[in-house]
């Protein structure tokens, strides 16, 4: 069987995630996925010719054990002689202030910190530990909330500076690999907190789908995401072409003027994207 290290190397190569000479900041939570990511990249670094620029950990202030997670991640960085960046923020307060979920507020704050840390360490890429299981959960979340091809595409292997080298691997594979190497990791109890919709999908919905409908549901949802991603890329390209013909000169006004009849003549899948592009531009 192909080793986990080789499979991760194939993912990196397939999606062009880490070009030679890339500086990589590894986002670490202390859990199995991000810990495996850190040590897998350390093992692949000589062959991939990228460099590990450092390790970054963000404290969401949602758990009493959060300071212990930070200390653990700091020790992992020291074990590999890597620089360590720590950040913290009151996610609960930000969630209340912006009237968004704890998940959304935490994600925004964490990625803002990671980008700042990458800049300080001179890293061109930020590696996060999302797995095939996370991808399946993301697709189900999109279905629950209502989404088109872009939403059903889930998480891209690469989006800007963010790369996901473990997106084709399962959580269980990573846990087994860590245990075989006697590499410690921490269990995050917040991953079972039912306040988070993702956790309810993970612990309530996915097990039912796996047991009653398809034991391979995680792989099935992963393939669905890949197909939707290809469709989204094609439709976005067509929408960009249509956008140029639908937008009219605005004669210096601070607005976008759209040709209504021409927009209405577009297929709905394209028209929706053109409208979204117009809103984004404005």
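The values are calculated or read from the model by the stated rules, or taken from the named source; none is laboratory data. Here the structure is a predicted model, which is why all the values come from computation and not from measurement. Counting neighbours? That spans all protein chains shown, and the Cβs are built from the backbone with ideal geometry, glycine included.
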Checklist entry - Name the residues in segment 181-202 that are outside any loop (DSSP other than H, G, I, E, B), surrounded by 13 or more Cβ atoms within 10 Å (Cβ to Cβ) and free of Cβ contacts under 8 Å to residues at least 24 places away in the same chain, would you? => result 199, 200
Checklist entry - Just a yes or no: is a residue in segment 243-253 in a helix (DSSP H, G or I) and in contact with a strand residue (DSSP E or B) (Cβ under 8 Å, 6 or more places away or on another chain)? => result yes
Item to check | Selected residue (only one of 197, 205 is more than 17 Å from the chain's Cα centre (by Cα) and under 26 Å from residue 102 (Cα atoms)) | outcome: 205
Item to check | Single residue of segment 1-41 satisfying the filter (in contact with a helix residue (DSSP H, G or I) (Cβ under 6 Å, 6 or more places away or on another chain) and in a strand (DSSP E or B)) that is farthest from residue 168 (Cα to Cα) | outcome: 25
Item to check | Any chance residue 44 is assigned to a strand (DSSP E or B), in contact with a helix residue (DSSP H, G or I) (Cβ under 9 Å, 6 or more places away or on another chain) and without any contact (Cβ under 8 Å) to a residue 60 or more places away in the chain | outcome: no
Next on the checklist: Please pick out the residue among 105, 112, 93 that is modelled with pLDDT under 90, more than 26 Å from residue 9 (Cβ to Cβ) and surrounded by fewer than 19 Cβ atoms within 10 Å (Cβ to Cβ).
Outcome noted: 93
